[in-house]
Structures are given as structure tokens and as C-alpha cells.
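The values are calculated or read from the model by the stated rules, or taken from the named source; none is laboratory data. What you are looking at is a predicted structure, and each value in this text was computed from that prediction instead of being measured. What goes into the accessible areas is simple: the full protein's heavy atoms, side chains included, and nothing from ligands, DNA or RNA. Shrake-Rupley method; radii C 1.70, N 1.55, O 1.52, S 1.80 Å.
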Amino acid sequence: MIDEEQKKFYPTKKLGQNFLHDQNIIRKIVALGDIQKENDTVIEIGPGLGALTTHLAEKAKKVYAIEKDKRLLGPLEKAFKDYSNITLINKDALAIDYFEFAIQNKLKLIANLPYNISTPILLKIHENRNLFSRVVVMLQKEVGERICSPENRKSYGSLSVLFQNYFDTKVNFKVAPEAFKPKPKVDSVVIGLNPLNKPRFPVADEKFFESFLRTAFSSRRKMIRNSLSNSFEKTVIDTALENEGVDHKRRAETLSVEELVNLSNEFYKLNE
Ligand code: SAM
């Protein structure tokens, strides 16, 4: 059924349309969602031709499938006709207010993301993290590894710190391009994110923290003292680094999540 629709459909690169056809990967993604029939409302961003959606609907109480491409609505309605618990929504997932789906319970977001907008979608998930009990997403390997990376790796950056302070993060498994039609040019990973009840390390001001991280990681090869000098006075930088016991020669990628949170809080205090 899905294969027949796939033959007739011309995927658009612009919308990240690489459709999953490996049944084993589909089964593994659904299993990672740990979906409970009695309670769980699942959000799927980009159902495509429905490869994941009906499997999610078998397990969940309710599935909201959000698809931007109008051309997919006909095939999807056909594929979903026997599933009264799927609601198809033709909207841009970046423009949706997820609060309206979380009236009774927290949501589970399970999706093979459109890779071209995976970072903005992740930031939207981050911003709305109190609405979600679990997030399982497939995305390009580099972005998935960045989210979950420990410090002292090339992959460690502001996204790693931002996510790891508010979520338990895990790269669950890798997926080769052969699992998709058409094959993407990049490798993929499936990651799991569990929002924490409270941040791992308390943050004085979230907006300040986000912009502090962007500045700290803006020139990765530079010492932290120099990368921060675009945004802060030299005397403030020296005082903050000294108060937090951070050697000014260190680079941002050597600093742990805890050190970066504490440093950001110190700069926030000195900037007030
Ligand atoms: N879930 C399907 C699968 O695994 O075969 C399709 C995944 S495909 C990687 C990404 C899907 O997201 C496509 O169907 C694409 O049309 C849709 N999409 C792209 N941008 C979107 C957006 N801003 N909002 C909602 N859906 C979007």
C-alpha cells in the first residue's frame, strides 16, 4: 500500500522527504516510545506516507500526525481510514502550539524528522519541554550526536549543553541511508530525550543562558576569554572566570555542563 503510493509520489528535498521502508527500524523506533494504550497521546511530525503512523496508532490512545505537504493528505487519509485514533493535521510543525494537544496528559513526540529543519524543531521541543514526557526522533547523525555529546569532543557545543541540562539524552542506534527511499546523503541516528522535572543545574536566566552559550561556542578554537570578549568587558570576564575557578586559557568545549551553567550565572550576576 505504502509502496504503491511511494511509486506515484515525487519527494521534495526542500521538505526533507526521505521515507522509511525498513520495517525493523520502524519497529525499534515505536518500541523506544514505550507507548501506553490507556494514556498516551503521540505527536508525529511529518508522517510522510504513514510508515510510522499506523504502528504508533496500534499502541497509542491518540496520534496527531502533522504534515506540511498537501500532496500527502490524500494518500494519508487512505492509509488511516481504519484508524479512528489518528488525526491528520495539515500544518507547519514549527508553527503549531503543542499546548493544545496536552490538555489531559503530557505528550510523546515520536518522529522521523525532516532533516533540513531538525534543529529548529529540537529548539521548539526544548522550549516546550514541560509538555512532553518522552521524545524519540530520528535525525542526521551529526545533530543527534551533538545533542548527546560529552565535553572534550568536536561534537560538543551549545546544543549539547542546552539539552543535557534539561533532558536525559541518549543516542539509541544508527541508521544507514539504505533504510530510506530515496536514500539521504547522510547517516542517521535515533535519539531518546526524557525531559527532567527540573534542570540538572539551576539557571539564573534562561534567555541569558542561551545567548551566553552561543557566544561561548562562537569561535571554538579560541580560549573562552577571547570568545566572550565580543559580548562582555575584559574586566567582567576576568572576574567571572576567577570567581568560578575557570582558567582563562580553556576553550568552551572543555567545560562541563555544570561549569557552563555556573559561569553563565556568574556573568548574569555581574551584568545586572
Ligand atoms: N515519517 C515518514 C517516514 O518515516 O517515512 C516521513 C519522514 S520524512 C523524513 C519528513 C516528513 O516531514 C515529510 O513527510 C515532509 O513532508 C514533512 N515535513 C517537512 N517539513 C515539515 C514541517 N515544517 N511541518 C510538518 N511536516 C513537515
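When the pairs Lys62/Lys124; Lys8/Lys124; Lys14/Lys59; Lys185/Lys222 are compared against a 26 Å limit on Cα-Cα distance, Lys8/Lys124; Lys14/Lys59; Lys185/Lys222 fall above it. P(r) for the range 7-67, from all Cα pairs and a bin width of 5 Å, is 4, 18, 27, 24, 16, 8, 4, 1 %, short bins first. Between Glu100 and Asp238, the contour length at 0.36 nm per residue exceeds the Cα-Cα span by 45.1 nm.
Taking all C-alpha pairs of the range 206-271, those more than 20 Å from each other amount to 10 percent.
Given 20 °C and 1.002 mPa s, how large is the Stokes-Einstein diffusion coefficient of the range 59-125 in µm²/s, with Rh as the Kirkwood radius over Cα pairs? Translational D for this selection: 162 µm²/s. Springs join every pair of Cα atoms under 10 Å in this Gaussian network model of the chain, and among Gln104, Gln17, Gln140 the largest mean-square fluctuation is at Gln104. A 1.4 Å probe run over the chain, with the rest of the protein chains in place, finds 50 Å² accessible per residue. What separates the Cα centres of the range 18-59 and the range 140-211 is a distance of 20 Å. Pairs of Cα atoms in the chain fall into 5 Å distance bins, from 0 up to the last occupied one, in shares of 1, 6, 13, 16, 16, 14, 11, 8, 7, 5, 3, 1, 0, 0 percent.
Per the 1.4 Å probe, what fraction of the accessible area of the chain, in percent, lies on carbon and sulfur atoms?
Values: 6520 of 13690 Å².
Carbon and sulfur: 48 percent of the exposed surface of the chain.
Within the chain, DSSP assigns beta bridges of which about 45% are antiparallel (rounded to the nearest 5).
Across the range 124-268, the volume of the C-alpha convex hull divided among the residues equals 115 Å³ per residue.
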